[in-house]
Amino acid sequence: MEQNGAHKKNLTSFGLILGLSLILSAMISGFVFYKTRLSVDTLEITGSAKKVIISDVVKWKSNLSRNVAVNELSAGYAQISNDLEKVKSFLKNRGIDEKNITISPVYLDSQYDYSRGGELIGYILRQEVAIQSNEVQKITDLAKDTRELIDQGVIFSTQPLEYYYTNLPETRIELLADAVKDAERRAEKIADSTGKKIGSLKSASVGVVQVLPVNSIEISDYGAYDTSSIEKEIMITVRTTFRLQ
């Protein structure tokens, strides 16, 4: 009798375990089916759009400098002041509007001879002349032709020109719409290959803006803004999710 009772208990336990297993299996299968159905009902696709633009602002920074001995500091200031007048005259004669010119204060850099215990041996005087203008090509050409200043004894050095595009916000909006259309075209082709049709746009996430030299492939995950070239290519991406029908 005791053996029969134990046998019945074992059968009951086995039945409970089997039943729970079947229920759990059905739940998992149903969840997987539900997730699969959801993924089939939507399609994620990335679209992009590009536009070539011409920079409409240029920044040109240049420097005047003079090396002077310790006892010639006053004469050095007079020299660099005279150099500045020559630069201003040069720019005026080339048709550069004075309102586009920014002149910084004179920067004084002390020079020491550490082989002689850090003795002060002289100074370097520097002054920056910066130009910002909408006459992009004119400033570009001028920056390449400063020999006249050198011939006048001006110690003149120029920094790389920087080019900017002021209509970027408006262009970004324009390209965003084009990128969504590109994503929609891509989605339609993929959906057609599966016998489905795309429905409404469920979501869209805008990527970073890339402003690069034309035909450049040096994109950045954080976006990029090239200032070295007059002609640039603006690119924007958008990640979209479309409903499928």
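The values are calculated or read from the model by the stated rules, or taken from the named source; none is laboratory data. What you see is a predicted model, and the numbers here were worked out from it, not measured in a lab. Cβ: placed from backbone, ideal geometry, glycine included. Neighbour counts: every protein chain shown.
Laid out as a table, the results:
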{"quantity": "Any hit, the stretch 157-177, residues being on the phi > 0 side of the Ramachandran plot and in the same structural domain as Leu91 (by TED's automatic domain parsing)", "calculated": "no"}
{"quantity": "Criterion: modelled with pLDDT of 95 or more, surrounded by 10 or more Cβ atoms within 10 Å (Cβ to Cβ) and of a type in the set (Gly, Ala, Ser) - qualifying residue of Ser89, Ser21, Ser29, Ser74", "calculated": "Ser89"}
{"quantity": "Residue within the stretch 105-119 that is small (Gly, Ala, Ser), touching a Ser or Thr at 6+ places or on another chain (Cβ under 9 Å) and in the same structural domain as Arg66 (by TED's automatic domain parsing) present", "calculated": "no"}
{"quantity": "Wholly within the stretch 156-245, strands (runs of 3 or more DSSP E) carrying at least 2 residues that are under 13 Å from the mean Cα position of the chain (by Cα)", "calculated": "198-213, 231-244"}
{"quantity": "Any pair with Cβ under 7 angstrom, 6 or more apart, that starts in the stretch 75-86 at a residue that is assigned to a helix (DSSP H, G or I) and ends at one that is not hydrophobic (A, V, I, L, M, F, W, C)", "calculated": "Gly76/Arg66; Gly76/Tyr123; Gln79/Arg66; Ile80/Arg66; Ile80/Gln127; Leu84/Gln127; Lys86/Gln152"}
{"quantity": "Selection count where residues are free of Cβ contacts under 8 Å to residues at least 40 places away in the same chain and of a type in the set (S, T, N, Q), scope the stretch 171-193", "calculated": "1"}
